[in-house]
Every structure is written in structure tokens, then in C-alpha cells.
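What follows is a short report on a single structure.
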Amino acid sequence: MGNGTFGLDREAIILRSGVREIFTPHTPIDEVDHFFGREEEAARLVSVINSPGQHILLYGDRGVGKTSLAMTTCKAILQQLQGGHFFEKRCDSGDSFASIFEDPLLETGIDLSLQEQSSTHHSGGNAGITTFFANAGVRSDRSTTKKTKLNYRPDSPSWVANQISHLKGIFLIDETDAISKEDDKKKLAEVIKLLSDSKSKFKIIVVGIAKTGEELTAGHPSVERCLKEVSLKRMSDSALRKMILNGMKRLDIIPNDAVVEKIINISAGFPHFTHLICLKCAENSLVSRNRHINEKSLASALEASVEESEGALRRLFDTTLRYLAKPQEYRLLLLGAAYCRTPDFRISELKNKLEDTLNVSVDPKLLSRRLGTLTKGEGKTILCRPARGVFQFTDPRMPCFIKMALDSERASLRITALG
Ligand SMILES: Nc1ncnc2c1ncn2[C@@H]1O[C@H](COP(=O)(O)OP(=O)(O)O)[C@@H](O)[C@H]1O
Ligand SMILES: [Mg+2]
């Protein structure tokens with residue numbers, strides 16, 4: 001069938017199917033029904049949250065499933081074990097210590113957006129009645145207004161901790177690596193320590209990257225005792241398989257075994273890519289009314305997935321190849337590197353991968369030179385060299401992107417690249 005004006009017919013079929021609620025590459029999971037694997041990590045979160053004085057630092061690569069794990073477990077704890085509020089703060093570079101706690105403070109009746117409190121004295125029949133309102137945009141014609149600075153100290157860890165310590169619930173502070181000032185991170189650590197000391201029932205989950213742990217504890221070694229670290233590794237193949245099969249079953253779509261295994265291989269433990277590729281496969285299948293997904297339909301889904309991938313990955317990949325003299329050669333090397341078991345690899349491993357997976361034999365010296373070129377340049381490069389003889393993708397998700405982008409070119413790359 002055609003896609004209709006502006007693709008509206010296609011969209012209508014996709015929307016009716018509910019596929020975008022099942023495969024959600026851009027939204028974290030917050031329901032147990034859609035959540036797969038991670039049993040051990042979830043159990044650890046539950047036990048730490050329920051241990052007096054303990055809080056959590058959850059860290060791992062982007063797209064590995066941190067927010068989903070935190071949201072799903074928090075929701076389950078609050079629904080099944082204890083009541084309480086759930087607050088979520090997603091930090092960005094504009095956030096400071098004072099802005100992080102806005103919502104929990106609001107719950108205690110402290111509205112930080114009210115910088116000052118105005119008390120208005122009415123001189124008419126209502127004399128003596130005092131009203132309180134925000135300082136902005138409110139006028140009174142027949143009154144004298146006295147402005148009092150509110151005694152809020154949102155910059156002070158002890159003041160913040162004092163205000164919120166009686167609350168009950170969980171506060172998820174996500175993307176903390178985006179907070180730019182070191183000092184703000186130290187203050188956050190201080191609040192956690194103070195809440196812990198007072199055995200508050202208000203628990204904090206800090207989500208970030210590994211460096212976040214060091215930054216939080218730098219000024220406060222004692223924070224380590226109350227901040228339990230949970231490192232989130234990549235998802236297992238079996239959890240990814242369950243995710244694919246379960247979602248497809250709900251849509252009454254049947255992917256063949258080779259397709260399922262290929263999606264798992266490309267995803268390399270990142271559920272984001274599994275959701276993205278499955279979404280594109282399922283959308284095509286629904287629109288073409290073909291319940292079976294074979295490798296040909298997977299190939300076109302991969303193209304669509306590349307189109308929808310995060311701009312940062314696409315740009316880094318494109319700019320890397322744009323100015324190289326022999327882009328085909330580099331494409332082949334990058335594809336080989338993407339097939340290596342870990343994001344860091346040695347020349348010997350890459351040489352074997354190229355031979356086993358792509359059936360190409362390359363002189364190690366040439367490999368070394370070419371890889372060296374990929375570590376040099378202005379700005380962020382696609383590879384870096386963390387140690388002598390070891391190369392690494394600067395973005396751990398890049399191998400997944402490369403496999404999606406170049407997998408269909410495997411055969412032609414082999415012929416044209418290393419002549
Ligand atoms: N345990 C899981 N089961 C199913 N899907 C998951 C799981 N964890 C993450 N996802 C999916 O993977 C993607 C990335 O997850 P997210 O929690 O946003 O990662 P992070 O916070 O680490 O960047 C989201 O689309 C989410 O739907
Ligand atoms: Mg996240």
C-alpha cells in the first residue's frame with residue numbers, strides 16, 4: 001500500500017497498533033510488565049532503599065537502562081512495600097544545587113519561586129486582613145504592601161536536609177553528570193550524608209556515570225558508607241531475547257530466528273538499540289501487513305534505525321569518514337572493530353575478527369597505522385588509545401551504530417576496500 005498524503009495512512013496504522021507503547025527506544029520503562037532482566041540489580045535497589053540510612057548511586061553507560069531500572073523499582077517499592085512520594089529530577093547543565101531540590105521542597109510547602117513574601121495591609125473595610133501572594137504580577141490599589149525576604153536557604157545542604165528529612169518516599173536525581181559545578185555535587189553528597197545521619201525515610205537515588213561517584217565522595221569520604229554504588233552493566237542476551245519475543249508476540253508478529261539473533265548481536269547489551277530496531281521492524285511489518293520478519297525486512301529496518309539514531313552518533317561517524325582518503329577501507333576496519341567483543345580491542349583481535357567475520361586479511365602494520373589515524377583529529381575522535389596497543393571506541397554505543405549502518409554493506413565493502 002501507499003503511505004498516503006504526508007505518510008498519514010502509514011502513521012494511522014502504526015498508531016492504531018500500539019507498537020510505540022511496546023517498543024520505546026526513547027522513553028525509559030517504568031512498569032514491571034515491560035521490564036526485562038536486571039533481577040539482581042533490582043533486588044539490590046529494593047534492599048538498599050529499605051535499609052535505614054542507605055542511599056544509592058546507580059551508574060553505567062548511556063542507554064544501558066539506568067533510568068528504567070530506577071523508575072521501575074521505585075514504583076514497585078512505593079506501590080507494594082511502602083507508601084510515599086516519588087520525585088524525579090532530570091539534571092541539565094543549567095542546574096545548581098539549589099534547583100535540584102525544588103520539588104521535594106515544594107511538597108513541604110516551600111516554593112522557591114517565591115523569592116519574597118508580600119504582606120498587604122488593606123486600609124478599607126477589610127483593614128487588618130493580611131494576604132500572602134507571590135511577588136510577581138499581583139497589584140493592590142488600596143493597600144500598603146510590605147515585602148519581606150523569605151528565610152529560604154536553598155544553597156545550604158543542612159537547611160535543605162532539615163526541610164526534607166521528614167518526607168517519606170524516594171527522590172530520583174537523574175543525569176547528575178550534567179551538573180557542571182563540583183561544589184554543587186559536594187553539597188548533594190552532604191545532603192545525603194545528613195539524611196542518612198538522621199535516619200530519614202526519604203531516600204535518594206543518584207544516577208550518573210562512574211565518575212559521578214568519585215566526584216560525590218571527593219570532599220566527603222564518609223559519604224561512601226551511606227551511598228551504595230550499583231554499577232549497571234549491559235543487558236544479557238537472554239533478557240534482550242525475551243524483550244524481542246514478548247513485544248513481537250503482543251503485536252502478533254513473527255520474526256525468524258536469524259533476525260532475532262542478529263538484533264541481539266547488533267544491540268550488544270544496549271536495550272535502546274533492541275527497542276529501536278524492533279520498532280522499525282514492527283512498523284514495516286504492520287504497514288505491509290506481513291506478519292513475518294525475515295532478513296530482508298530487517299535490512300530495511302536497520303536503514304530506518306540509522307536515520308532515527310541519536311544525532312551525536314551519526315555526526316561523529318559521518319565526520320570521521322568525510323575527510324579520510326580511503327573511506328571504504330576505514331568503513332571495513334570500523335565494522336571489524338565493531339564486531340570485537342568489547343569496546344576496547346587490540347590489533348591482533350581486530351585482525352582475527354576481520355578474518356573470521358568478514359573474510360579479509362590485513363597486514364597488522366597497516367591496521368595499526370589506520371587505527372592510529374582514527375584516534376587523531378580535532379575535537380572528539382571515533383577511537384581513542386587508552387593504553388599502548390589498545391584501541392577503544394570513545395562512545396561505547398558506537399559499535400552498535402556501525403553495525404546498523406554498515407552491516408548491509410559487508411559484501412561490497414570486502415570487495416572494494418582492501419584491494
Ligand atoms: N530492563 C529493561 N527492559 C526493557 N527495556 C529496557 C530496560 N531497560 C531499558 N530499556 C529500554 O532501553 C532504553 C534505554 O533505557 P534508559 O533507562 O533510558 O537508559 P539510560 O538511563 O541508562 O540512558 C529505553 O528505551 C528503555 O525503554
Ligand atoms: Mg537515563
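Of the listed requirements (1) surrounded by fewer than 15 Cβ atoms within 10 Å (Cβ to Cβ); (2) farther than 26 Å from THR72 by Cβ; (3) aliphatic (A, V, I, L, M), VAL160 misses just one: (1).
When ALA218, ALA178 are checked against the criterion of being touching a residue at least 24 places away in the same chain (Cβ under 8 Å) and either within 18 Å of the chain's Cα centre (by Cα) or outside the structural domain of GLN54 (by TED's automatic domain parsing) (or both), a single residue qualifies: ALA178.
Taking the conditions exactly as written (within 21 Å of PRO28 (Cβ to Cβ), in contact with a helix residue (DSSP H, G or I) (Cβ under 6 Å, 6 or more places away or on another chain) and buried (at least 19 other Cβ atoms within 10 Å of the Cβ)), does GLY247 satisfy them or not?
Criteria met by GLY247.
Of all residue pairs spaced 6 or more apart or on separate chains, those with beta-carbon atoms under 7 Å, a first member in region 20-32 that is closer than 22 Å to GLN79 by Cα and a second member that is near ligand 1 (Cβ under 6 Å from one of its atoms) and part of a loop (DSSP other than H, G, I, E, B) are ILE29/PHE35. For GLY37, the stated conditions hold: it is more than 16 Å from ligand 2 (Cβ to nearest atom), at pLDDT 95 or above and small (Gly, Ala, Ser). Within region 54-88, restricting attention to residues that are within 12 Å of ligand 2 (Cβ to nearest atom) and among the basic types (Lys, Arg), which residue is nearest to CYS226 (Cα to Cα)? Per the stated criteria, the residue is LYS66.
Does region 21-29 include one or more residues that are under 24 Å from the mean Cα position of the chain (by Cα) and under 13 Å from VAL230 (Cβ atoms)? No, there is no match, as no residue in region 21-29 is under 24 Å from the mean Cα position of the chain (by Cα) and under 13 Å from VAL230 (Cβ atoms).
Here is a yes/no grid of residues against (1) in contact (Cβ under 8 Å) with a residue 40 or more places away in the chain; (2) charged (D, E, K, R):
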| residue | (1), (2) |
| --- | --- |
| VAL191 | yes, no |
| LYS211 | no, yes |
| SER238 | yes, no |
| ILE263 | no, no |
| ILE293 | yes, no |
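Matching residues to (1) basic (Lys, Arg); (2) surrounded by 14 or more Cβ atoms within 10 Å (Cβ to Cβ):
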site: LEU15; (1), (2): no, no
site: ASP30; (1), (2): no, yes
site: ARG38; (1), (2): yes, yes
site: HIS55; (1), (2): no, yes
site: THR72; (1), (2): no, yes
site: GLN80; (1), (2): no, no
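Only residues that are closer than 15 Å to LEU58 by Cα and either within 16 Å of ligand 2 (Cβ to nearest atom) or surrounded by 16 or more Cβ atoms within 10 Å (Cβ to Cβ) (or both) were counted across region 197-228, and they come to 18.
Among the residues of region 27-58, the ones that are out of contact with any Lys or Arg (no Cβ under 7 Å at 6 or more places or on another chain), more than 7 Å from ligand 1 (Cβ to nearest atom) and farther than 22 Å from LYS199 by Cα come to 7 in all. Of all residues in region 255-274, those satisfying the criterion of being within 13 Å of ARG234 (Cα to Cα), outside any helix (DSSP H, G or I) and either within 16 Å of ligand 2 (Cβ to nearest atom) or in contact with a strand residue (DSSP E or B) (Cβ under 7 Å, 6 or more places away or on another chain) (or both) are GLY269, PHE270.
Could you tell me how many of the residues in region 89-112 are in contact with a strand residue (DSSP E or B) (Cβ under 9 Å, 6 or more places away or on another chain) and part of a loop (DSSP other than H, G, I, E, B)?
The number of residues fulfilling the criteria is 3.
Here HIS220 meets the list (1) more than 16 Å from ILE173 (Cα to Cα); (2) out of contact with any Asp or Glu (no Cβ under 7 Å at 6 or more places or on another chain) almost entirely, failing just condition (2). Of the residues making up region 64-82, not a single one is more than 15 Å from ILE29 (Cα to Cα), within 14 Å of ligand 1 (Cβ to nearest atom) and not aromatic (Phe, Trp, Tyr).
So, of the residues in region 207-242 that are away from ligand 1 (no atom under 12 Å from the Cβ) and touching a Ser or Thr at 6+ places or on another chain (Cβ under 6 Å), which turns out to be modelled with the highest pLDDT? The selected residue is CYS226.
Within region 1-29, track down each residue that is more than 16 Å from ligand 2 (Cβ to nearest atom) and part of a loop (DSSP other than H, G, I, E, B).
Selection gives MET1, GLY2, ASN3, GLY4, GLY18, PHE23.
The values are calculated or read from the model by the stated rules, or taken from the named source; none is laboratory data. Predicted model only: the values in this text are computed from it and were never measured. Because the Cβ atoms are built from the backbone with ideal geometry, glycine has one as well, and the counts that use them run over all protein chains shown.
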